[in-house]
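One structure is given below, encoded as structure tokens.
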Amino acid sequence: FARLCARNSPILTQCAEMIGHAVRLDATSADVKVEMAYQFYLSGNYSKAYSCYQDASKLDEANMTALYGMIKCQIFEGQLDDASGQFEFLNEIHSGPGAPADLSYIGALLATRKDHDAEQTVVKLEETVRIHMEHSGLKDGKLSVANITKFDPDLLIQIATELLGHAGADPVPPGETPPQSVSKCMRVLDQVSRVAPGMLEARVLQARARYLSRDFDGAQSVLADAISLDPSHASSHMLMAQIFIEMERFRDANASLEQALSHHFEIRESPTYFLLRAQVHQRMA
């Protein structure tokens, strides 16, 4: 469930309770500790996740998932030098044919956060997806619990988010080709949607990718489906407003902004909200 919930807090809380019970039943299992660490990682509690990964590593020094997890936690905690040192050591040992997807993903995270190398980031993310899909367990088309766990839609959504982060915030000018990172992102999200069609975050990212590609009709259609899944999702309404502005449907854009505000009143403090509202009012005046 944790891998399918798009980091929904109530669901992650329930999953954490279940894995906590599993730890109490078998406190010597490194695999159970790794799963507990992953639950904390998904909830953004990287300090606790690191501690659990460390405990798992003590129980089983050969558990590479625990070592990779510790490095990812260091990256998201901003400990980039420490993470880079650990990564370089493991990369020398495990790089080359048969290297795990985790290693490529860590390389991508460091490339963007430490080295600020957009090109290398995209290369590493694409490599991560290729390796990950080769071992996803879905080649036979069977959607068992084990296969979905291996497929890990959450990881693919994070990769898609990273890819879109290198595509800019505005649609490409008319007649221009979108950045390659957008098409790569779309391919990743298409695979997620086939396995988990109800994942809201995947739909919203698909809509943003189409928006950046100037496919405004396609973006609107995908986003309408996302809003039907969760009408209270303020970010979806905000993105819909951006799409309507580009389509010069300013009254519809204003209605989308009002929907966003009605579901999350605190969004009135968002600079993006004020910018979009100003654009709409200026064009409607």
Practice task
Determine which aspartates and glutamates satisfy two conditions relative to residue 150: a Cα distance under 20 Å, and not lying fewer than 8 residues away in the same chain.
Solution key: 31, 35, 102, 126, 127, 134, 140, 190, 201
Problem - Residues whose placed amide H lies under 5 Å from that of residue 214, excluding near-sequence neighbours - result: 172
Exercise for the section: Would you mind classifying the range 225-285 by shape? Square roots of the alpha carbon gyration tensor eigenvalues, ordered a ≥ b ≥ c; an a/c under 1.5 is rounded, otherwise it is prolate if a/b is larger than b/c and oblate if not. Expected result: oblate
Fill in the blank from the handout: Filtered hits (lysines, Cα-Cα < 27 Å from residue 114, offset >= 8 within chain) -> 48, 72, 124, 184
Practice task
Give me the net charge of residue 94's neighbourhood, meaning all other residues with Cβ under 14 Å from the Cβ of residue 94; Lys, Arg count +1, Asp, Glu -1.
Solution key: -4
Practice task
Between residue 62 and residue 183, with labels modelled 7 Å along Cα→Cβ, what's the label distance in nm to one decimal, could you check?
Solution key: 4.4 nm
Practice task
Mind running the shape call on the range 62-114? Use the C-alpha gyration tensor, a ≥ b ≥ c as the square roots of the eigenvalues: rounded below 1.5 for a/c, prolate if a/b tops b/c, oblate otherwise.
Solution key: prolate
Fill in the blank from the handout: The summed charge of the residue 42 Cβ neighbourhood (under 11 Å; Lys/Arg +1, Asp/Glu -1) stands at -1
Problem - Ranked packing of 127-134, 84-91, most packed first, by mean Cβ within 10 Å - result: 127-134, 84-91
Practice task
Measure off 7 Å from each Cα along the Cα-to-Cβ vector at residue 93 and residue 266, then give the distance between these two points in nanometres to one decimal.
Solution key: 4.2 nm
Practice task
Work through the residues other than residue 268 whose Cβ is under 15 Å from its Cβ and net out their charges, Lys, Arg +1 and Asp, Glu -1.
Solution key: -2
Practice task
Show the residues, 5+ positions off or on another chain, whose built amide H is closer than 5 Å to the amide H of residue 167.
Solution key: none
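A short reminder: the numbers here are calculations on the coordinates, not readings from a lab. As the structure is a computational prediction, the values presented were derived from the model and not from experiment. Neighbour counts run over all protein chains shown; Cβ positions are idealised from the backbone, glycine included.
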